[in-house]
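Working notes for the structure below.
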Amino acid sequence: MPRPAGSLRPEVERLRPGLWSIPVPLPTAGLTHVFMYLFETDHGAYVIDSGWDTDEAFAAVERGLAAAGYAVTDLRGIIPTHMHPDHYGLAGRLREASGAWIGLHPADAAVLRVEPLHPADLLRTLNEAMLRAGAPPEAMREVTAQHLPRDPLPGFARPDILIEDGDRLDIPGWDLRAVWTPGHSPGHLCFWEPVNRLLLSGDHVLPRITPNIPFGGEAGDDPLGDYLRSLDKVDALSATATLPAHEYRFDGLSERVEQLRRHHEQRFAEVRAALAGGPATGWEVASQMRWSRPWDEIEGFVRRSAVSEALAHLRALERRGVVHERPGEPPTWWLTASAGG
Ligand SMILES: [Zn+2]
Ligand SMILES: [Zn+2]
């Protein structure tokens, strides 16, 4: 297994006979690539994850396929691990070029946005969620249109095939099983390859980054609880190597899973500490948690995900009977009596 590549540009690599890793560049700040994993067959190529819908990404996929001896027209199946644009965005264009089928878990298919979305509508939805969490109006002024694109965001292509937990993918000559791992998205899938004991982990387990757990609306009632249960699920597989969608491949899945569990226990402790002095809104709890920078210096857009993260931990603690939510404008969170509040 390679070490972290640092600033090196990842290359197309053959990982095992018939299995390739194709780095597909991302247009976003932060993560530079998503890894497409290609499975060779006598009947064409099948890929896990696709990339963002850009010309540069399409060209990178063409180059990667060519390294494995295929053209884009040889694609037979495209299986994004989940419906985020860095994994699913390019699937429609690749299907158009090849006639390949697109497979997705039904829970992600149900929330996949197929209609174009105007940035103003996206902003309104986000702002409503922030106000419900108790964001002060003056903070809302800065939490505005920054980072939002001007043009409508195009809708995604609908999947052709729904892939359920435990399904064996229709890839001739390969045994690849879907493992439903909700949390980062409601229909996130990992894939288990038992012959080489490989886990294709998507965004569910990454070697350094803690995946964002969204909150509200389509994320489900307790996305963080789902996420932690999904960690147990992949841990039980005893993979010898993990092939994530970003960063780099790694061994020692159990150690990484344990780090992620500890990370969230630490977050739970911060949430409890924030409520120890009395009830608070989701916004107030977030403002007292530890972030990479002081709360006052965090930019509007990043604050949204911070508040969303606080709310995900609050909801999971509610399920554990540690906190409860009291309705109000905005609602407030309280430690339950048994939790020492
Ligand atoms: Zn994602
Ligand atoms: Zn991703």
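Go through the residues of the range 260-277 one by one and say whether even a single one is within 14 Å of the chain's Cα centre (by Cα), in a helix (DSSP H, G or I) and within 16 Å of ligand 1 (Cβ to nearest atom).
The answer is no, given that none of the residues of the range 260-277 is within 14 Å of the chain's Cα centre (by Cα), in a helix (DSSP H, G or I) and within 16 Å of ligand 1 (Cβ to nearest atom).
Name every residue in the range 62-90 that is away from ligand 2 (no atom under 16 Å from the Cβ), crowded, with 19+ Cβ neighbours inside 10 Å and not in a loop (DSSP other than H, G, I, E, B), in order of residue number.
Gly64, Leu65, Leu75, Arg76, Gly77, listed by residue number.
Show the residue pairs that are 6+ apart or on different chains and have beta-carbon atoms under 6 Å apart, the first residue being within the range 44-57 and buried (at least 24 other Cβ atoms within 10 Å of the Cβ), the second being not in a strand (DSSP E or B) and not hydrophobic (A, V, I, L, M, F, W, C).
Ala45/Tyr70; Ala45/Asp74; Asp49/Pro80; Asp49/Thr81; Asp49/His87; Ser50/Pro80; Ala57/Gly51
Can you name every residue in the range 18-43 that is among the acidic types (Asp, Glu) and assigned to a loop (DSSP other than H, G, I, E, B)?
Asp42
So Val205 fits all but one of (1) more than 16 Å from ligand 1 (Cβ to nearest atom); (2) within 19 Å of Phe35 (Cα to Cα); what number is the exception?
Evaluating Val205 over (1) more than 16 Å from ligand 1 (Cβ to nearest atom); (2) within 19 Å of Phe35 (Cα to Cα) leaves (1) as the failure.
For every residue, the table says whether it meets (1) within 22 Å of the chain's Cα centre (by Cα); (2) modelled with pLDDT of 95 or more; (3) not acidic (Asp, Glu); (4) not assigned by TED's automatic domain parsing to the domain that holds Leu206.
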{"position": "Pro23", "(1), (2), (3), (4)": "yes, yes, yes, no"}
{"position": "Gly30", "(1), (2), (3), (4)": "yes, no, yes, no"}
{"position": "Val34", "(1), (2), (3), (4)": "yes, yes, yes, no"}
{"position": "Asp42", "(1), (2), (3), (4)": "no, yes, no, no"}
{"position": "Ile48", "(1), (2), (3), (4)": "yes, yes, yes, no"}
{"position": "Val61", "(1), (2), (3), (4)": "yes, yes, yes, no"}
{"position": "Leu65", "(1), (2), (3), (4)": "no, yes, yes, no"}
{"position": "Val72", "(1), (2), (3), (4)": "no, yes, yes, no"}
{"position": "Ile79", "(1), (2), (3), (4)": "yes, yes, yes, no"}
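Could you please tell me which pairs satisfy a Cβ distance under 8 Å, a separation of 6+ or placement on different chains, a first residue in the range 278-300 that is under 12 Å from Leu311 (Cβ atoms), and a second residue that is of a type in the set (A, V, I, L, M) and assigned to a loop (DSSP other than H, G, I, E, B)?
From residues that are under 12 Å from Leu311 (Cβ atoms), the pairs are Thr281/Ala133; Gly282/Ala133; Trp283/Ala133; Trp283/Ala135; Ala286/Ala133.
Considering only residues of the range 215-249 that are of a type in the set (Phe, Trp, Tyr) and within 16 Å of ligand 2 (Cβ to nearest atom), which is farthest from Asn127 (Cα to Cα)?
Out of the qualifying residues, it is Tyr248.
The values are calculated or read from the model by the stated rules, or taken from the named source; none is laboratory data. It should be emphasised that the depicted structure is a prediction, and the values quoted were computed from it without experimental measurement. Here the Cβ is made from the backbone with ideal geometry for all residues, glycine too, and neighbour counts use every protein chain on show.
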